[in-house]
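Encoded as structure tokens, the structure appears first; notes follow it.
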Amino acid sequence: MPLEHYRAKRDFTKSPEPAGSPRRRRPSKGLFFCVQKHLASHLHYDFRLEHDGVLLSWAVPKGPSIDPAVKRFAAQVEDHPIEYGDFEEVIPEGYGAGIVMLWDRGTWEPEVDDVDAALRKGDLKFRLNGYKLKGSWVLVRTRFGGSNGWLLIKHRDAWAGPIDIATFAPLSVKSGGDFEDIVGAEAPAIWESKRPARGGVAGKLLAEVLERAARKKAGRAANAARKTAAKKTTTRKRVAKKKR
């Protein structure tokens with residue numbers, strides 16, 4: 001899936017997402033991978049592997065699991081530009097509108113001789129070296145979910161275990177924050193389109209995120225006011241002391 005598919009779905013005059021340069025390589029050593037936690041019309045995790053100058057991408061509704069007994073459905077979506085690997089921001093409107101968190105990142109290496117052949121076959125084995133996801137994995141094409149349906153499965157090794165890694169380690173590896181920290185002080189109106197149904201899980205989660213962001217904003221404003229008042233009091237005391 002060339003980057004034209006990615007660009008055709010986005011209006012870069014409105015979206016802060018990078019348009020990307022074709023076939024760009026990252027300057028870092030090794031092939032890059034990342035997982036972005038994305039609260040859009042529904043909460044999901046975007047799993048991305050650098051290959052041939054782009055990020056091959058799969059949307060994983062429930063997120064990766066490090067339990068080998070758990071097979072996570074992964075829908076392959078359009079390739080993304082390499083620059084997207086560092087993206088963490090609010091997409092205010094249009095396709096994919098919502099909050100994007102950089103949940104994990106690192107390097108990956110194939111455990112096959114030919115990645116393209118493995119993708120055509122529907123059986124890509126690889127190793128991850130991220131902050132949260134490590135060790136041996138496989139993406140296997142499944143007959144469910146159409147031609148883009150895959151399963152993301154953790155192999156049994158020292159990095160596997162019966163832990164819900166998404167719940168155990170929910171925060172950003174870039175900023176260390178949660179969704180409300182990414183939304184930041186302005187708490188913008190996130191959805192202009194692709195809005196989740198009122199009362200739905202994503203809608204409820206968004207409302208909670210915006211409420212927490214508003215509380216943090218109010219707390220920061222109150223702290224700033226206290227610091228300003230304290231500074232003025234200190235200044236007045238110093239001026240009064242000099243006048244004596």
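The values are calculated or read from the model by the stated rules, or taken from the named source; none is laboratory data. Computed from a prediction, not measured in an experiment: that's the story for all the values here. So basically every Cβ, Gly included, is an ideal-geometry build from the backbone, and we count neighbours across all protein chains shown.
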Starting from the range 108-127, keep only residues that are modelled with pLDDT of 95 or more, then list their pairs with residues that are of a type in the set (Asp, Glu) whose Cβ atoms are within a distance under 7 Å, requiring at least 6 positions of separation or different chains. 125/111; 126/109; 126/111; 127/109; 127/111
Consider residue 43 carefully, then state whether it is of a type in the set (A, V, I, L, M, F, W, C) and within 17 Å of residue 31 (Cα to Cα). no
Residue 19 passes all but one of the listed conditions (1) surrounded by 15 or more Cβ atoms within 10 Å (Cβ to Cβ); (2) on the phi < 0 side of the Ramachandran plot; (3) small (Gly, Ala, Ser); the exception is number (1)
For the range 39-92 the number of residues that are in a strand (DSSP E or B), hydrophobic (A, V, I, L, M, F, W, C) and within 23 Å of residue 112 (Cα to Cα) is 12
I need a count of the residues in the range 10-34 that are part of a loop (DSSP other than H, G, I, E, B) and either under 18 Å from the mean Cα position of the chain (by Cα) or modelled with pLDDT of 80 or more (or both). 8
Does residue 108 qualify as being of a type in the set (Phe, Trp, Tyr), out of contact with any helix residue (DSSP H, G or I) (no Cβ under 8 Å at 6 or more places or on another chain), closer than 27 Å to residue 29 by Cβ and part of a loop (DSSP other than H, G, I, E, B)? no
Scan (1) over 23 Å from the mean Cα position of the chain (by Cα); (2) part of a loop (DSSP other than H, G, I, E, B) for the single condition residue 147 breaks and write down its number. (2)
Go through the residues of the range 50-67 one by one and say whether even a single one is surrounded by fewer than 18 Cβ atoms within 10 Å (Cβ to Cβ), farther than 24 Å from residue 172 by Cβ and either among the basic types (Lys, Arg) or touching a residue at least 24 places away in the same chain (Cβ under 8 Å) (or both). yes
Would you check which residues across the range 150-187 are of a type in the set (Val, Ile, Thr), within 19 Å of residue 46 (Cβ to Cβ) and part of a loop (DSSP other than H, G, I, E, B) and list them? 173
Determine whether the range 142-155 contains at least one residue that is within 25 Å of residue 120 (Cα to Cα), free of Cβ contacts under 8 Å to residues at least 40 places away in the same chain and surrounded by 18 or more Cβ atoms within 10 Å (Cβ to Cβ). no
